[in-house]
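Written below as structure tokens is the structure these notes are about.
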Amino acid sequence: MNHFALTIVGRDRPGIVSQVTEILFNLGCNLADSSCSILGGQFAMILILGHPEFTSLESFGDAFKPLEETDLTVALRVLKPGGETRSQIEGDLCMISVYGADKPGIVYRVAKILGDKQVNITDLNTKLVGTEERPVYVMVIEACLPEGAEENDVNNWLAPIRDELQIDITVRTIPTVEL
Amino acid sequence: MAVCSILCYPDPILKQVAEPVAVVDETVTAVIQDLVDTMIDAGHSVGVAAPQIGVLRRVLVVDVSKSKLGKDNNHGLLEMVNPEIIQKSGRTTMREGCMSVPDYTGNVTRAEHIVVEFIDRAGQLRVIEASGFEAVAVQHELDHLDGLLFLDRVSSLKTDLYRRKAK
């Protein structure tokens, strides 16, 4: 089975998921992990899919043409063997909430500190909320901490930008339990 | 006394609602003993519910006293027949794993404090107040009596469901 990563973005409207998955079903594709969400006014789909025979972009022919004709942007990436499986991520899981008056650089400054400390971001969502006069930026990160790091370390690492950018940051680890 | 094998999803028994126990007789104490033996044999386990060993009766056992998270706040071995949560408060999120859903863990938010009423092995009605990990464990096992798995409680696959760490 060869694997592909497919992304589709377009103005949100009802029916995009059924339009896309009907094409994939008729092609004989198997859907594995996927994430689809509305971002701003756009609906974005990211899908990992497999096909027993397809090997390249050409294999799909013009199957996605109807999507492009309805103003959806389609991109397909051919995965190298093994590219469909997630590597083992060790370390404690933590959620980091960041919010404050909107200003440039919030995502970058937080991500830079986390990246430099080898914190592995596994999920990141941001949303612009509040009013037009007082926009508020909210970011929620899920991350795996490097070995030995704890909640308090993350707090300490982020403390300098908390003051500098005037943002609120809370970090909470989620204990793993076997039941 | 017997160590039983744990049923795994998609075994249909795990999705059924267990029957209340009318009288705590020797068939019930036998189930309790099987659950305790199975829990101890499973090593890492802090609780087992009867449907997990194929018995559709409202019986569960919980013991968090040997676990890191529960050792300072627990009631030791709890053997519960017809357990019912009569009060709950607070919220806590833990990343739960379940022997009936191997390989995956998921973030589940449950009540932090519970008051639970149940009949014990001796047939006595008891009411206890549990909190923290013990409260989570009771709620997790009680869900099994209602045919619910932690997968039913996960709110987002993207952020809440994980492949279990390699041991």
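Which length gain, in nm to one decimal place, applies between A:C36 and A:V9 when the Cα-Cα distance is subtracted from 0.36 nm times their residue separation?
Computed gain between A:C36 and A:V9 is 8.8 nm.
Using a cut-off of 17 Å between alpha-carbon atoms, which aspartates and glutamates can reach A:K65, once sequence neighbours fewer than 8 places away in the same chain are excluded?
Hits, sequence-local ones excluded: A:E22.
Give the order of A:I141, A:I169, B:I128, A:I38 when sorted by the count of other beta carbons within 10 angstrom, beginning with the fewest.
Going from sparsest to densest Cβ surroundings: A:I38, B:I128, A:I169, A:I141.
To the nearest 10 degrees, how steep is helix A:16-27 against the longest Cα principal axis of chain A, on a 0 to 90 scale?
Relative to chain A, helix A:16-27 is tipped by roughly 50 degrees.
How much mean residue ellipticity at 222 nm does chain A get from its helices, if each DSSP H run of length 4 or more adds -39500 (n - 2.57) and you divide by all residues, to the nearest 500 deg cm²/dmol?
Helix-only estimate at 222 nm: -7000 deg cm²/dmol.
Angle, helix A:106-116 long axis vs. longest principal axis of chain A, Cα atoms, 0 to 90°, nearest 10?
Once rounded, one gets 90 degrees.
Could you list the square roots of 5 times each eigenvalue of the Cα gyration tensor of chain A, that is, the equivalent ellipsoid semi-axes, sorted largest first and rounded to whole Å?
36, 23, 13
Pairs of lysine in chain B with Cα under 26 Å and at least 8 positions apart or on different chains: total?
13
Using only the alpha-carbon atoms, how far is helix A:151-164 inclined from the longest principal axis of chain A? Give it as 0 to 90 degrees, nearest 10.
Helix A:151-164 sits at roughly 80 degrees to that axis.
In terms of modelled amide H atoms, which long-range or inter-chain residues lie less than 5 Å from the amide H of B:S45?
The list, which skips near neighbours in sequence, is empty: none.
Take chain A, mark every one of the GluC sites (Glu not before Pro) that falls in a DSSP loop and has at most 12 other Cβ within 10 Å, then report the longest stretch left between them, sites excluded.
That gives A:1-52 as the longest site-free run.
First check a/c for the range A:2-78, with a ≥ b ≥ c the square roots of the eigenvalues of its C-alpha gyration tensor; if it is under 1.5, answer rounded, and if not, answer prolate when a/b is larger than b/c or oblate otherwise.
prolate
Treating the protein assembly as shown as a set of equal point scatterers at the Cα positions, no solvent, please give the Debye-formula log₁₀ I(q)/I(0) at q = 0.09, 0.11, 0.13 Å⁻¹.
-0.66, -0.91, -1.10
Hey, got a sec? Which trypsin sites (Lys or Arg not before Pro) in the range B:8-113 land in a DSSP loop and have at most 16 other Cβ atoms within 10 Å?
Listed in order of number, the matching sites are B:K66, B:K68, B:K71, B:R91.
Taking every pair of alpha-carbon atoms in chain B, give the share separated by more than 25 Å as a whole percent.
Counting every Cα pair in chain B, those more than 25 Å apart make up 25 percent.
How compact and how long is the range A:93-173, expressed as Rg and Dmax of its alpha-carbon atoms in Å?
Gyration radius and largest Cα-Cα distance of the range A:93-173: 12.4, 43 Å.
Quick one: 3J(HN,Hα) in Hz for the range B:136-150, Karplus 6.51/-1.76/1.60 with θ = phi - 60°, rounded, Gly and Pro as x.
With coefficients 6.51, -1.76 and 1.60, one gets 5, 4, 4, 5, 4, 5, 5, 4, 4, 5, 9, x, 10, 10, 4 Hz.
Throughout, read-outs are computed from the coordinates displayed, never taken from laboratory work. These numbers come from a predicted model, not from an experiment. Quick reminder, even Gly has a Cβ in these numbers, built from the backbone with ideal geometry, and neighbours come from all protein chains shown.
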